[in-house]
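*Asks:* One structure coming up, written as structure tokens, with questions to follow.
What follows is calculated from the coordinates using simple rules that are stated; it is not laboratory data. The structure presented is a predicted model; accordingly, all values stated were derived computationally and were not measured. Cβ sites come from the backbone with ideal geometry, for glycine too, and all protein chains shown count toward neighbours.
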Amino acid sequence: MLNEDGLTMRPFVFINVAVTADGKMDTSERKGSAISSPEDNERVQQLRSESDAVMVGGHTLLDEDPKLTIKSNRLRLERKARGLPENPIKVGVVTKADLRLDGNFMMDGTARRVIFTTSKTSPEQIKALEALGAEVYISDSSRVDLVSAFETLSGMGVHRLMVEGGGTLNFELLRQGLVDELMIYLAAKIFGGQTAPTLAEGKGYFDFSALKLELLNVQKADDRGGVLLHYKIPKIKKEDNHDN
């Protein structure tokens, strides 16, 4: 599906992440360590309330089983007053959708649940997810087709999509030129760890093809030394999108 400019229809997409001063999204244990401050958590809740959908990748979906709902009753009521569901659509992107059927993603809050997966997910699991109300879309390839997923979300009326990682999904979205803005909460702490996850993983770029960012704003986020960085992602020209 193309718009009037001949471009693929997709929502406005922004990635929001919290990282330590050394760029880690978690410790090497990958148990969902707390990075954001209470003030930043409030900012994240506000961002969710302003979004039509919130997306996570496979590691986050399977290992952390996030709720992706809005905690604030005030923000939920404000959404309802605007004629919106009280929570944004929950979106999972995962090669093999072996998530818990009784977990947070599936059961917490009143929210539409959409899962993009591949044929590596068993028919039995797909049937079980659908029986619980999830909308499951299956890619024939070995990985989820993100362009097609975004076209599907656009068709659902998703105009503003918030992405909450992890690093593999973030990198693929950035690599394919599917991100408009990047918001980073930089915490005044260090995790270290050679295997600790970072903001963008995947195959990575060579130096000459590194993705360039345009700084929109930087501000002190709280009294704990946290800093908020807000970047615009320049449009990627086809010839600039090098694969390693």
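*Asks:* Counting Lys and Arg as +1 and Asp and Glu as -1, what is the net charge of the other residues whose Cβ lies under 13 Å from the Cβ of PHE150?
*Replies:* Working: positive: ARG10, ARG160; negative: ASP52, ASP145, GLU151, GLU172, ASP180.
With Lys, Arg at +1 and Asp, Glu at -1, the neighbours total -3.
*Asks:* Contour minus end-to-end for VAL227 and SER142, with contour as 0.36 nm per residue of separation and end-to-end as the Cα-Cα distance?
*Replies:* On the way: separation 85, 0.36 × 85 = 30.60 nm, distance 3.80 nm.
Additional length available on full extension: 26.8 nm.
*Asks:* Which of the three applies to segment 66-143, rounded, prolate or oblate, going by the alpha-carbon gyration tensor with a ≥ b ≥ c and a/c under 1.5 meaning rounded?
*Replies:* On the way: a/c = 2.77, a/b = 2.28, b/c = 1.22.
Because a/c hits 1.5 or more and a/b exceeds b/c, segment 66-143 counts as prolate.
*Asks:* While we're on this one: Quickly estimate the mean residue ellipticity at 222 nm for the chain, helices only: each DSSP H run with n ≥ 4 gives -39500 (n - 2.57), and the total goes over all residues, rounded to 500.
*Replies:* Working: 6 runs with 53 residues, N = 244.
Calculated mean residue ellipticity at 222 nm is -6000 deg cm²/dmol.
*Asks:* Just to be sure I understand: of the beta bridges DSSP finds with both ends in segment 12-240, what percent are antiparallel, rounded to 5?
*Replies:* On the way: 13 of 40 bridges.
In segment 12-240, DSSP labels about 30 percent of beta bridges as antiparallel.
*Asks:* Each residue of segment 108-124 in order: what ³J(HN,Hα) in whole Hz does its phi give by Karplus 6.51 cos²θ - 1.76 cosθ + 1.60, θ = phi - 60°, with x for Gly and Pro?
*Replies:* Those phi angles translate into 7, x, 8, 8, 5, 10, 10, 10, 9, 9, 10, 5, 6, 7, 5, x, 5 Hz.
*Asks:* Could you tell me the largest-minus-smallest coordinate of the C-alpha atoms of segment 12-240 on each of the three principal axes, in descending order and whole angstroms?
*Replies:* Between the extreme Cα coordinates on each principal axis of segment 12-240 lie 45, 44, 35 Å.
*Asks:* Treating only the Cβ atoms of Lys and Arg (+1) and Asp and Glu (-1) as charged, compute the dipole magnitude of the chain about its Cα centre; round to the nearest 20 debye.
*Replies:* Numbers: 32 positive and 36 negative charges, 79 e Å.
Charge dipole of the chain: 380 debye, to the nearest 20.
*Asks:* Whole angstrom only: what separates the Cα centroid of segment 46-96 from the Cα centroid of segment 124-148?
*Replies:* Cα centres, segment 46-96 to segment 124-148: 18 Å.
*Asks:* Which value results when the Cα radius of gyration for segment 156-197 is divided by 2.2 N^0.38 Å? Working shown, then result.
*Replies:* Working: Rg = 13.4 Å, N = 42, 2.2 N^0.38 = 9.1 Å.
Here the answer is 1.47, to two decimals.
*Asks:* What order do you get for VAL44, VAL56 when you list them from fewest to most C-beta neighbours inside 10 Å? Don't skip to the end; give the middle numbers.
*Replies:* On the way: VAL44 19, VAL56 24.
Arranged by neighbour count, lowest to highest, VAL44, VAL56 become VAL44, VAL56.
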